[in-house]
Amino acid sequence: LSLMGQLRDALAQDQLQLHYQPKLALASRRLDGAESLVRWQHPLRGTIMPDAFIGMAEDTGNIQRLTRWVLEAAIAQASQWRVNGLQLGMAVNLSARDLGDADLPRYILGLAAMYRLPHEQLTLEITERAVIGEFEAALRVLHQLREQGFRITIDDFGVGQSSLAYLHKLPVDELKIDQSFIKHLMDDANDRVIVRSIVELSHGLGYKVTAEGVENEATLDYLASIGCDHAQGFFVARPMSADALVQLTTTAL
Ligand code: G
Ligand code: G
Ligand code: G
Ligand code: MN
Ligand code: NA
C-alpha cells in the first residue's frame, strides 16, 4: 500500500504526533510560546517528517482531517499547560488548502470553548502562498478568526510571491522572517539590511515580528538589538515533546 493510502489509517489509528518548538521573547528572554510541528510515527518506516506527507494530504483530500486533528491536539495541550499554571501561546501551521475551508473558524471556536483556551493564546501560521489562490475566501476565513481574537501570523515571510500591496489588506498580527535570511545573518551584510527592514516594516504596520532559524548566540543578540520581538531556532531550542518543553520552561535559561 502506498503512503498515500496509509495516511487515512494513520489518522484513524493515532499515528500522528505533535512536537513543540519553543518561542523566545527577546526583551524578557523568556520562553512564552510554542509552535506545534506534526510527525507521523509510522509502524514500519519510523518517524516521517511533515514535508513528506503534508503535500500528499492536500492532494488526496486528507488535509482537512489532518489539520483538524492537529488543531485539537495542540489546543488540548495548550489548555493542559494552562491548567498546570504554564502560560504558553500555541501556534499551529495551516496549509494553503485550509483557508478554503469556510467552516474552519467555527471548528476552531468550538475547540477553544471545549478546552477553555483564551483565544489570544492560539496563533494560526499561514504562508503567503495560502492567500494567493482563493484570495476573497481566504480573507473571509482570516477575518472571522481574527475577529474572534485568534492571532494570525505570516510564516516564511520574504520568500513567497508576496506583494507588499496586499500585505496591509490581510488581517495579520505577526510576520515570521524566513530562516533563509537568518541563517547567515552575522556573515552577510545584505541579510542584515533585509532583516532590519522587515522588523521596521512589521512594527510600522503594527505587527509583531519573529525570526526563525536562529542557530547561534550572536544572531540572537543582534536580533534583540534591532528590536525583533521573538526568536525561534535550534540555538533557542529544537522541536521537542510536550514534557521536555515543560522541563525547559521551568528551569532557568
Ligand atoms: O520541523 P519540520 O520538519 O517539522 O517542518 C517542516 C514543514 O512542515 C514546515 O514548513 C512546517 O510549517 C510544516 N508543518 C509542520 N507541522 C505542520 C502541520 O501540522 N500542518 C501543516 N499544514 N504544516 C506543518
Ligand atoms: O466561555 P468560553 O469557554 O467560550 O471561553 C473560553 C475562553 O475563550 C475564555 O477564556 C474566554 O475568555 C475566551 N474567549 C471567548 N470568546 C472570546 C472572544 O471573542 N475573544 C477573545 N479574545 N477571547 C474569547
Ligand atoms: O515552515 P516552518 O517555519 O513552519 O517550519 C519550521 C521548520 O524549520 C521545521 O522543520 C523545524 O524543525 C525547522 N527549524 C526550526 N528551527 C531551525 C533552525 O534553527 N535551523 C534549521 N535548519 N531548521 C530549523
Ligand atoms: Mn511555522
Ligand atoms: Na517558517
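Throughout, read-outs are computed from the coordinates displayed, never taken from laboratory work. Just so we're clear, the structure is a prediction, and the values are computed from it rather than from any experiment. Heads up, the Cβs are rebuilt from the backbone with ideal geometry, glycines too, and the neighbour counts pull from every protein chain shown.
With the biggest extent put first, the Cα atoms of segment 87-220 measure 47, 34, 24 Å across the principal axes. Considered as an equivalent ellipsoid built on the Cα gyration tensor, segment 3-250 has semi-axes of 27, 22, 19 Å, the largest given first.
Given only helices, namely DSSP H runs of n ≥ 4 each adding -39500 (n - 2.57), what is the per-residue ellipticity at 222 nm of the chain, to the nearest 500 deg cm²/dmol? Don't jump to the answer; show the numbers that get you there.
Numbers: 11 runs with 108 residues, N = 253.
It comes out at -12500 deg cm²/dmol, rounded to the nearest 500.
Averaging the Cα positions of each part gives two centres, and for segment 1-78 and segment 164-204 these lie 26 Å apart. Under a 5 Å amide H cut-off, with hydrogens placed 1.01 Å from N, GLU215 pairs with PHE235 among residues at least 5 apart or on other chains. Inter-label distance, ARG106 to HIS42: 3.6 nm, where each label sits 7 Å from its Cα along the C-beta direction.
Take every Cα pair under 8 Å in the chain that's 6+ residues apart, average their separations, divide by the length, and report that relative contact order as a whole percent. 18 percent.
Each peptide in 205-217, 72-84 was scored by the mean count of other Cβ atoms within 10 Å over its residues; highest first, the order is 205-217, 72-84.
Of interest is the spacing of the C-alpha centroids, which for segment 147-162 and segment 210-253 amounts to 20 Å.
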